[in-house]
1. Out of the stretch 160-186, which residues are modelled with pLDDT of 95 or more and acidic (Asp, Glu)?
2. So the check is Cβ under 7 Å with 6+ separation or different chains; which pairs have a first residue in the stretch 26-37 that's within 12 Å of GLY50 (Cβ to Cβ) and in the same structural domain as ASN7 (by TED's automatic domain parsing) and a second one that's part of a helix (DSSP H, G or I) and of a type in the set (A, V, I, L, M, F, W, C)?
3. What single numbered condition from (1) of a type in the set (Asp, Glu); (2) part of a helix (DSSP H, G or I); (3) closer than 25 Å to GLU137 by Cβ fails to hold for ASP24?
4. Please go through the stretch 72-101 and pick out each residue that is surrounded by fewer than 16 Cβ atoms within 10 Å (Cβ to Cβ), out of contact with any strand residue (DSSP E or B) (no Cβ under 7 Å at 6 or more places or on another chain) and at negative phi.
5. Residues that are buried (at least 22 other Cβ atoms within 10 Å of the Cβ): which helices (runs of 4 or more DSSP H) entirely in the stretch 143-186 hold 1 or more of them?
6. With the requirement that a residue be surrounded by 15 or more Cβ atoms within 10 Å (Cβ to Cβ) and in contact with a Ser or Thr (Cβ under 8 Å, 6 or more places away or on another chain), what does the stretch 29-50 give you?
7. If you go through the stretch 65-90, how many residues are part of a loop (DSSP other than H, G, I, E, B) and either touching a Gly at 6+ places or on another chain (Cβ under 8 Å) or closer than 21 Å to GLY136 by Cα (or both)?
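The values are calculated or read from the model by the stated rules, or taken from the named source; none is laboratory data. These numbers come from a predicted model, not from an experiment. Note that we place each Cβ from the backbone using ideal geometry, even for glycine, and neighbour counts take in every protein chain shown.
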Amino acid sequence: MKEEIYNKIKDIFEKNNKYARTQDILDANIHSSHLYKLVDRGEVTRLKRGLYRWNDVEYDTDREMVEVQRIVPDGVFSLLSALSYYELTTYNPWEYYLAIHRDHFKPSLPDYPPISIYYFADKQYYTGITEISIKGEKVKIYDQEKTICDCIRFRKKIGVDVMKEALQKYLKQDYRDIDKLLNYAEITGVKTLMNKYLQVLA
């Protein structure tokens, strides 16, 4: 690959916060085969069809979480994003999962970074919200117990295996709070399922 083409492709990723679509490359009059070569070389990761991320040591997940919170100020990091933050999953999500109240306006989302929005009712939205500090800024995220409950609710979307792994990892922690977990399960309507999984996995 010519250095000129390589630099053009890298510049496209740089301008888009380390992300690019196949269409972005084509719009720059660069053949998509050059993008695929970078994937083969391990410099670029294919996240899904048509969406790629540049791999380098400068990629900063914390910085990106702050940016995502700015994009969706009413959003609360949830599901796979929260699992990843708490290290309750070995799965590496390629998009950010945020919950917003169902009565709030649908946010305008950019192409990058990829964000998936879930709409929650009162109890599901307000229960378990906590704040963490990232690079001096406040970021809203559900606590571990609420995250587990949400993963049970959306187990078919995130994958039952992912949900079970998360619950098992949570139960192995010394600071687990089963009373809070069951309380949240009742609030969010998954207590029966929670008891079932606790009996099997505990």
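1. Residues satisfying the conditions are ASP161, GLU165, ASP177, ASP179, GLU186.
2. Note: pairs meeting the criteria are SER32/ILE25; SER32/LEU26; LEU35/ILE9; LEU35/ILE25.
3. Condition not satisfied by ASP24: (3).
4. PRO73, THR90, TYR91, ASN92
5. Details: elements: 144-153, 155-158, 160-171.
It comes to 144-153, 160-171.
6. Scanning the stretch 29-50 gives a single hit, LEU35.
7. The number of residues fulfilling the criteria is 6.
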